[in-house]
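Enquirer: This is the structure I have questions about; it appears just below.
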Amino acid sequence: MDIRDRINAALKTAMKEKQADRLSTLRLINAAFKDRDIAARGNDDAPGAASEAELMHILARMSKQRQESIRAYEEGGRLELADREREEIAVIEEFLPRKLSDRDVERAIDKAIADTEATSIRDMGKVMGVLKERYTGQMDFGRVGPEVKDRLS
């Protein structure tokens, strides 16, 4: 079952069980997917519906945006809004692949460096591209970037 089907099934279940907050978040996810599909219609480079990897990237971006909002709300003393964002993150992350452990992240970096035959910091873009292609939603690329840089320096 692909991600769109899983989200639509969860949407129907949320409707039946009258889970308003969950339903709202699932509708936001669907809207983001449809926005991507509409944007791709006029673009010859990305025709048709988004791939699974692109949809995972959208979900990861949505999760990251909410984490940033949580920080801002907590700094502003708006804890109820921060809690709402946490609930949305929980729903979004149900559809993302599980996060890799630190050991698995290290192995993935080593494999990407070996696969791209990277030898210097100039090859960092190639390595990061491979990691993003293979592990979108499974690792925090903000933390991975400095690790890759250290290994290539």
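Enquirer: Could you derive backbone 3J(HN,Hα) for segment 91-108 from the dihedral phi with the Karplus parameters 6.51, -1.76 and 1.60 (θ = phi - 60°), listing whole Hz in sequence and x where the residue is Gly or Pro?
Expert: Values, residue by residue: 5, 4, 6, 4, 9, 8, x, 4, 5, 7, 6, 4, 5, 5, 5, 4, 4, 4 Hz.
Enquirer: Separate question: Sorting check: for 89-102, 125-138, which peptide has the highest mean count of neighbouring beta carbons within 10 Å, and how do the rest follow?
Expert: 125-138, 89-102
Enquirer: Can you tell me the relative contact order of the chain? Whole percent, Cα pairs under 8 Å, sequence separation 6 or more.
Expert: 21
Enquirer: Quickly work out the Met1-to-Lys126 label distance, labels modelled 7 Å from Cα along the C-beta direction, and quote it in nm with one decimal.
Expert: 4.1
Enquirer: Considering only protein heavy atoms and a 1.4 Å probe, what is the carbon-and-sulfur percentage of the accessible area of segment 22-153?
Expert: On the way: 3880 of 8070 Å².
Roughly 48 percent of what the probe reaches on segment 22-153 is carbon or sulfur.
Enquirer: Under 21 Å between C-alpha atoms is the cut-off here; go through the chain and count lysine pairs that meet it, provided they're at least eight residues apart or on different chains.
Expert: 11
Enquirer: How much accessible area per residue does segment 1-75 have, in Å², with a 1.4 Å probe?
Expert: On a per-residue basis, segment 1-75 sits at 64 Å².
Enquirer: Please give the residues of segment 95-116, grouped as numeric ranges, whose backbone N is less than 19 Å from a label point set 7 Å along the Cα-to-Cβ vector of Glu147.
Expert: Flagged as within label range: 97-116.
The values are calculated or read from the model by the stated rules, or taken from the named source; none is laboratory data. In this text the structure is predicted, and so the values were computed from the model without any measurement. Virtual Cβ from ideal backbone geometry, glycine too; neighbours counted across all protein chains shown. Quick note on the areas: whole protein, heavy atoms, side chains included, nothing else; ligands and nucleic acids left out. Shrake-Rupley method; radii C 1.70, N 1.55, O 1.52, S 1.80 Å.
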